[in-house]
Amino acid sequence: MGEASKLHIFLFPYMAHGHMIPTLDMAKLFSTKGAKSTILTTPLNAKILENPIKSFNQDNPGLEDITIHILHFPCTELGLPQGCENTDFFFSNPDLNTGDLNRKFLLSMEYFKEQLEQLLQTVKPDCLVANMFLPWATKLAEKFGVPRLVFHGTGYFSLCASHCLRLHKPYKSVASSSEPFVIPELPGDIVITEEQVIEKEEESVMGKFMKELRDSERSSFGVLVNSFHELEPAYSDFYKSSVAKRAWSIGPLSLGNREFKEKAERGKKASIDEHECLKWLDSKRRESVIYLSFGTMLSFNNEQLVEIAAGLDMSGHDFIWVVNKSGSQGDKEEWLPERFEEKMKGRGLIIRGWAPQVVILDHQAVGGFLTHCGWNSLLEGVASGLPMVTWPIGAEQFYNEKLVTQVLKTGVSVGVKKMMKPDGDFITKEKVEKAVREVMAGEEMRKRAKQLADMAKDAVREGGSSDIEVNRLMEELKLVRLQKEEEKRS
Ligand code: UDP
């Protein structure tokens with residue numbers, strides 16, 4: 001294929017690790033399909049992406065390069081603290097008012113409009129994959145005849161659950177916020193409670209913003225979903241027939257990272273040397289370690305962390321626990337029981353900050369995953385064939401939990417009943433112990449989880465379901481380009 005006929009795709013991720021990581025994976029995928037990708041982001045986020053992109057370009061000389069285009073984002077002018085270019089800035093700092101900053105950050109994305117407009121006009125890419133939080137992108141792209149694809153970052157199940165909850169509002173007719181009900185119309189008779197539902201604030205500023213997102217999605221070219229058909233067939237069919245205009249399943253995106261270095265370099269710089277981590281895991285028996293991580297947007301209070309530590313101790317299992325807190329082992333850390341690390345020496349590894357997650361999940365010594373049910377983590381757990389303990393915190397994580405516990409039946413809930421904000425649940429050490437023991441011993445769950453992992457790998461192989469959908473997408477984009485060229489000629 002000649003240089004001029006190669007597709008050029010713009011990718012504009014939301015500035016949060018949970019969105020940037022799959023976006024880079026997506027750029028790699030497009031590159032393997034012969035398309036050029038340009039990721040649009042700000043200076044500090046570009047720094048996080050630079051190294052993995054450089055390695056990818058160097059290691060794959062035969063593929064199209066991935067490039068970054070840096071956008072201007074004057075934080076202080078926009079009323080944000082200096083350096084606040086990623087949600088990590090406020091989520092990792094307990095002294096800041098996270099709720100307020102999160103809203104302001106989200107709404108300040110509009111600042112990019114003008115820069116995007118200029119870029120679309122001058123570069124004229126073949127497609128713009130813009131995150132759901134950039135609703136204005138659809139109209140802007142349309143102005144220059146560029147198809148806009150939406151990327152939510154979550155799976156079909158939660159997109160469908162959210163649709164059905166919004167449409168039928170079943171939580172309005174329950175006696176109490178903790179009374180279980182079945183989500184109407186959603187396949188599978190899924191049970192949930194009002195306190196786990198996020199679709200309730202339709203009249204608030206955020207509610208209106210969310211409506212704007214849905215409107216822009218309806219008029220877009222379609223939706224890209226980081227999932228694979230075999231994982232959630234009923235929901236992928238439901239979404240495609242009743243919710244979105246069009247959708248393509250292109251995941252699990254994390255599986256595109258085949259080399260050790262690629263896996264280790266995903267996201268932020270890990271707070272532990274990946275080789276040290278592997279050495280620790282190598283010394284463990286097959287499937288004997290439980291890995292715990294709560295994603296990038298949360299830190300628990302000290303009381304809850306002390307309780308988790310005690311529960312892990314009581315479970316008798318070896319563990320790797322990622323705690324979103326910095327601090328050195330020498331300091332007295334209020335969030336750990338007295339002399340905990342000393343007592344757990346050899347049994348438990350605590351990573352303060354950032355872990356090379358997919359490297360850990362892929363290791364044969366890991367036999368279970370305690371997760372907050374962020375979609376990327378959940379799918380990475382599926383791709384590694386792991387049974388899970390589910391501990392949702394907020395956002396759409398309660399919906400993702402139901403997929404694991406009620407549909408896939410590859411995990412058990414730790415017993416969280418409601419969102420962490422405003423008041424959450426306190427989970428006792430006994431509950432942690434029980435859930436960890438159950439998942440580590442659950443042979444049936446493990447068997448099902450392994451089957452799903454095989455299906456995930458098949459989906460991204462040449463001729464697999466996700467591979468076919470990506471190829472189809474590329475063909476459609478080429479067709480759009482041909483049509484445009486013909487229109488210009490006539
Ligand atoms: N992640 C990681 N190391 C960590 C924490 C997170 O590599 O210590 C990665 C994880 O593999 C996933 C992403 O960060 O790809 C988190 O996304 P997810 O949707 O699971 O959760 P969020 O942080 O967005 O709530």
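Values in this text are rule-based calculations from the coordinates and carry no lab data. Treat the numbers as computed from the prediction; the structure is a model and nothing was measured. Positions of Cβ are backbone-derived with ideal geometry, glycine not excepted, and every protein chain shown enters the neighbour counts.
Taken one residue at a time, the phi angles of segment 143-154 give Karplus couplings (6.51, -1.76, 1.60, θ = phi - 60°) of 4, 10, x, 9, x, 9, 9, 9, 10, 7, x, 10 Hz. Gly and Pro are set to x. Computed over segment 41-88, the convex hull of the alpha-carbon atoms projects to a mean area of 3.7 nm². With 31 Å as the limit, the listed pairs Lys104/Lys200; Lys6/Lys139; Lys143/Lys261 have Lys143/Lys261 beyond it between alpha carbons.
For the chain, the spread of Cα positions along the three principal axes, ordered from largest to smallest, is 75, 56, 49 Å. For segment 31-141, the Kirkwood estimate of the hydrodynamic radius, built from every pair of different alpha carbons, is 15.7 Å. Bridge orientation summary for the chain: considering DSSP beta bridges with both residues in this region, about 5 percent are antiparallel.
Subtracting the Cα-Cα distance of Lys409 and Asp189 from 0.36 nm times their residue separation leaves 77.8 nm of extension gain.
Listed by chain and number, the aspartates and glutamates placed with their C-alpha closer than 18 angstrom to that of Lys169 are Glu179, Glu185, Asp189, Glu194, Glu195, Glu199, Glu201, Glu202, Glu203, Glu396; residues fewer than eight positions away on the same chain are left out.
Under a Cβ-only charge scheme (Lys and Arg +1, Asp and Glu -1), can you give me the dipole magnitude of the chain about the Cα centre, in debye to the nearest 20? Kindly include the intermediate steps, with their values, before the conclusion.
On the way: 62 positive and 70 negative charges, 133 e Å.
Approximately 640 debye in magnitude.
May I ask for the Rg/Rh ratio of segment 323-414, computed from Cα atoms with Rh as the Kirkwood radius, given to two decimals? Let's see the in-between values first.
On the way: Rg = 14.9 Å, Rh = 14.7 Å.
In segment 323-414, Rg relative to Rh is 1.02.
A cut-off under 11 angstrom between Cβ atoms defines the neighbours of Asn86, and their net charge, with Lys, Arg +1 and Asp, Glu -1, is 0. Of all lysines in the structure, those lying under 18 Å Cα to Cα from Lys268, and not within fewer than 8 positions of it along the same chain, are Lys28, Lys47, Lys54, Lys325.
Computed from the Cα positions only, the extents of segment 205-259 along the three principal axes stand at 43, 26, 19 Å, in decreasing order.
What's the ranking of 455-461, 435-441, 367-373 by average number of surrounding C-beta atoms within 10 Å, highest first? Could the numbers behind the result be given before it?
On the way: 455-461: 18.3, 435-441: 20.7, 367-373: 26.7.
By packing density, highest mean first, the sequence is 367-373, 435-441, 455-461.
To the nearest µm²/s, what D does Stokes-Einstein give for segment 379-490 at 20 °C and 1.002 mPa s, using the Kirkwood radius over alpha carbon pairs as Rh? Taking Rh from Cα pairs, D becomes 126 µm²/s.
Is segment 154-278 best put as rounded, prolate or oblate by its Cα gyration tensor, with a ≥ b ≥ c the root eigenvalues, rounded for a/c under 1.5, and otherwise prolate when a/b is larger than b/c, oblate when not?
Working: a/c = 1.98, a/b = 1.67, b/c = 1.18.
Since a/c reaches 1.5 and a/b is larger than b/c, the shape of segment 154-278 is classed as prolate.
Compared with the dominant principal axis of the Cα atoms in the chain, helix 302-315 is inclined by about 70°.
A full extension of the chain between Val174 and Glu486 corresponds to an added length of 106.6 nm, given 0.36 nm per residue minus the alpha carbon distance.
Would you tally the net charge around Asp237, using a Cβ to Cβ cut-off of less than 14 Å, leaving Asp237 out, and scoring K and R as +1, D and E as -1?
Details: positive: Lys240, Arg246; negative: Glu185, Glu230, Glu232, Glu469.
The answer is -2.
Given their separation in residues at 0.36 nm each and the Cα-Cα distance between them, Lys47 and Lys6 gain 12.1 nm when the chain is fully extended.
Computed over Cα pairs, the Kirkwood radius of segment 214-336 leads via Stokes-Einstein (0.890 mPa s, 25 °C) to a diffusion coefficient of 132 µm² per second. Largest first, the extents of the alpha carbon coordinates of segment 4-67 on the three principal axes equal 31, 21, 17 Å.
A cut-off under 14 angstrom between Cβ atoms defines the neighbours of Leu255, and their net charge, with Lys, Arg +1 and Asp, Glu -1, is -4.
Using only C-alpha atoms and all pairs of different ones, pull out the Kirkwood radius for segment 269-369 in Å with one decimal.
Values: mean 1/r = 0.0725 Å⁻¹.
This gives a value of 13.8 Å.
Between Thr122, Met344, Leu479, the Cα set farthest toward the positive side of the dipole of the chain (charges on each charged residue's Cβ, about the Cα centre) is that of Leu479.
So what's the back-of-envelope 222 nm ellipticity for the chain, counting only DSSP H runs of four-plus at -39500 (n - 2.57) apiece and dividing by all residues, rounded to 500? Kindly include the intermediate steps, with their values, before the conclusion.
Values: 19 runs with 207 residues, N = 490.
That calculation yields -13000 deg cm²/dmol at 222 nm.
Here the scattering of segment 131-226 is modelled by Debye summation over its C-alpha atoms, one equal scatterer each and no solvent; at q = 0.10, 0.13 Å⁻¹ the log10 of I(q)/I(0) is -0.33, -0.53. The lysine pair count for segment 388-490, using Cα distances under 14 Å and pairs eight or more places apart or on different chains, is 5.
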